[in-house]
């Protein structure tokens with residue numbers, strides 16, 4: 001098991017138990033206590049937990065992920081406005097990939113009546129939404145994450161390796177100028193990386209609440225993004241910094 005995978009598991013355990021002990025984790029992962037202490041130190045420095053004598057206690061902020069229903073209710077007007085700009089970028093004959101997420105779900109709702117386009121997605125709910133429309137729909141296989149209704153894992157990544165689309169609409173949990181794009185779940189991050197490699201143009205869709213956040217799993221640096229669509233609540237200083245990096249920035253009025 002790689003260090004990043006082990007640390008993800010440690011965060012999952014501490015999320016359930018609230019408290020972990022170095023001795024217990026050492027036995028569970030069959031690694032030395034020194035290795036676990038290094039893991040806990042790295043996770044504490046990243047702000048994911050707080051070390052205690054002989055162990056650590058939970059700090060849920062970095063690995064917490066709202067349910068899909070909760071996400072849909074948050075900043076709904078902003079997400080609908082972002083989706084309105086996104087659909088204008090889709091042309092007849094395009095192949096489009098929609099990442100799982102509440103903003104990309106809004107894109108699907110506005111995109112589904114377009115004709116002569118092909119939409120690839122790893123989100124079960126997005127595929128269901130598109131079923132009532134006119135677009136050709138390809139639902140990727142994989143392991144189902146019930147919390148996000150997304151399909152992830154090696155099967156998904158293998159399918160993606162054989163695809164290449166015109167446009168990827170990518171979702172994220174966190175956007176930070178130094179840390180790039182991040183998400184709470186390691187498997188989600190790996191699937192998003194595979195999506196990046198399968199797209200000619202990468203369009204990030206992120207409302208203002210994602211700015212300045214850093215989650216556990218790294219997706220990519222910001223130089224992998226061609227275009228950002230956000231709302232007018234996004235910090236101007238960050239938007240200007242992105243423009244200086246050559247990233248096209250489109251701002252929606254909700």
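The values are calculated or read from the model by the stated rules, or taken from the named source; none is laboratory data. Here the structure is a predicted model, which means the values were calculated and not measured. Cβ atoms come from the backbone with ideal geometry, glycine included; neighbour counts cover every protein chain shown.
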**Report entry** Odd one out for residue 48, checked against (1) under 18 Å from the mean Cα position of the chain (by Cα); (2) under 25 Å from residue 142 (Cα atoms); (3) at pLDDT below 85
**Finding:** (2)
Requested in this report: For the stretch 120-137, name all the residues that are touching a residue at least 24 places away in the same chain (Cβ under 8 Å) and not in a loop (DSSP other than H, G, I, E, B).
Outcome: 120, 121, 123, 124, 125, 126, 129
Report task. Determine, yes or no, whether residue 206 is out of contact with any strand residue (DSSP E or B) (no Cβ under 7 Å at 6 or more places or on another chain), outside the structural domain of residue 12 (by TED's automatic domain parsing), surrounded by 19 or more Cβ atoms within 10 Å (Cβ to Cβ) and under 24 Å from residue 137 (Cα atoms). Result -> no
**Report entry** Residues that are under 11 Å from the mean Cα position of the chain (by Cα) and not in a strand (DSSP E or B), drawn from the stretch 159-184
**Finding:** 171, 172, 173, 184
Report task. Test residue 103 against the criterion of being buried (at least 19 other Cβ atoms within 10 Å of the Cβ) and under 19 Å from residue 190 (Cβ atoms), and give yes or no. Result -> no
Query raised in the report: Among the residues of the stretch 151-158, is there at least one that is outside any strand (DSSP E or B) and crowded, with 23+ Cβ neighbours inside 10 Å?
Result: no
Query - Filter pass, residue 199 being assigned by TED's automatic domain parsing to the domain that holds residue 163, surrounded by 19 or more Cβ atoms within 10 Å (Cβ to Cβ), touching a helix residue (DSSP H, G or I) at 6+ places or on another chain (Cβ under 8 Å) and within 28 Å of residue 140 (Cα to Cα) - result: no
Query raised in the report: Can you pull out the residues in the stretch 214-234 that are in a loop (DSSP other than H, G, I, E, B) and surrounded by 19 or more Cβ atoms within 10 Å (Cβ to Cβ)?
Result: 214, 215, 216, 225, 234
Report task. Might you check whether a residue that is under 26 Å from residue 178 (Cα atoms) and surrounded by fewer than 16 Cβ atoms within 10 Å (Cβ to Cβ) occurs anywhere in the stretch 17-28? Result -> no
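Check 237, 241 and return the single one that is surrounded by fewer than 17 Cβ atoms within 10 Å (Cβ to Cβ), outside any strand (DSSP E or B) and touching a residue at least 60 places away in the same chain (Cβ under 8 Å).
Result: 241 is the single residue among 237, 241 that is surrounded by fewer than 17 Cβ atoms within 10 Å (Cβ to Cβ), outside any strand (DSSP E or B) and touching a residue at least 60 places away in the same chain (Cβ under 8 Å).
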**Report entry** So residue 77, is it modelled with pLDDT of 85 or more and not in a strand (DSSP E or B)
**Finding:** yes
